[in-house]
1. Looking at the stretch 57-68, which of its residues are surrounded by 14 or more Cβ atoms within 10 Å (Cβ to Cβ) and either small (Gly, Ala, Ser) or in a helix (DSSP H, G or I) (or both)?
2. State yes or no: is THR80 of a type outside the set (D, E, K, R), under 25 Å from GLN40 (Cβ atoms) and within 13 Å of the chain's Cα centre (by Cα)?
3. Residue by residue through the stretch 33-56, note down the ones that are farther than 19 Å from ARG97 by Cα and either surrounded by fewer than 11 Cβ atoms within 10 Å (Cβ to Cβ) or within 13 Å of the chain's Cα centre (by Cα) (or both).
4. Across the stretch 79-100, what is the number of residues that are within 11 Å of LEU38 (Cβ to Cβ) and in contact with a Pro (Cβ under 9 Å, 6 or more places away or on another chain)?
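What follows is calculated from the coordinates using simple rules that are stated; it is not laboratory data. Predicted, not measured: the structure shown is a model, and the values here were computed from it. Counting neighbours? That spans all protein chains shown, and the Cβs are built from the backbone with ideal geometry, glycine included.
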Amino acid sequence: MPQKLSLHVLFTVEDVCPEGLPIILPDSGDEPSVFADLSQSEMTEVIEFLMSQEDLNLVDFTEAQIGDSYIQMIETLRPTKQDVLAYLDGNGPKPERQARVSIYK
């Protein structure tokens, strides 16, 4: 069953940055936009998942010492332009939210 697509006006002509590009405002809906950064709860889920992987031998970065492995960075892994355009045009599902993680080992 196709998803219902609701369009929102994200910017007006007056809402531009100094370079003349539109300023995209966050959607106020419950579900994060395909462009949104990871929420605090999503970050927590990623951390809990990684810490539960015993083979990674991760320690909390606040307690890490030389030779320990810890999570250095978590960021949003943006979906492909093709997937976003298909979703926005109503021709595809909403891209899954994904994270990119750097682990110091």
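1. Once the filter is applied, which keeps residues that are surrounded by 14 or more Cβ atoms within 10 Å (Cβ to Cβ) and either small (Gly, Ala, Ser) or in a helix (DSSP H, G or I) (or both), the stretch 57-68 yields only ALA64.
2. On the way: of a type outside the set (D, E, K, R): yes; under 25 Å from GLN40 (Cβ atoms): no; within 13 Å of the chain's Cα centre (by Cα): yes.
No.
3. Keep residues of the stretch 33-56 that are farther than 19 Å from ARG97 by Cα, which gives 51-56.
Across the stretch 33-56, the qualifying residues are SER52, GLN53, GLU54, ASP55.
4. Here is the first cut: in the stretch 79-100, the ones within 11 Å of LEU38 (Cβ to Cβ) are 97-100.
From the residues that got through so far, the ones that are in contact with a Pro (Cβ under 9 Å, 6 or more places away or on another chain) too are 97-98.
Of the residues in that region, 2 qualify.
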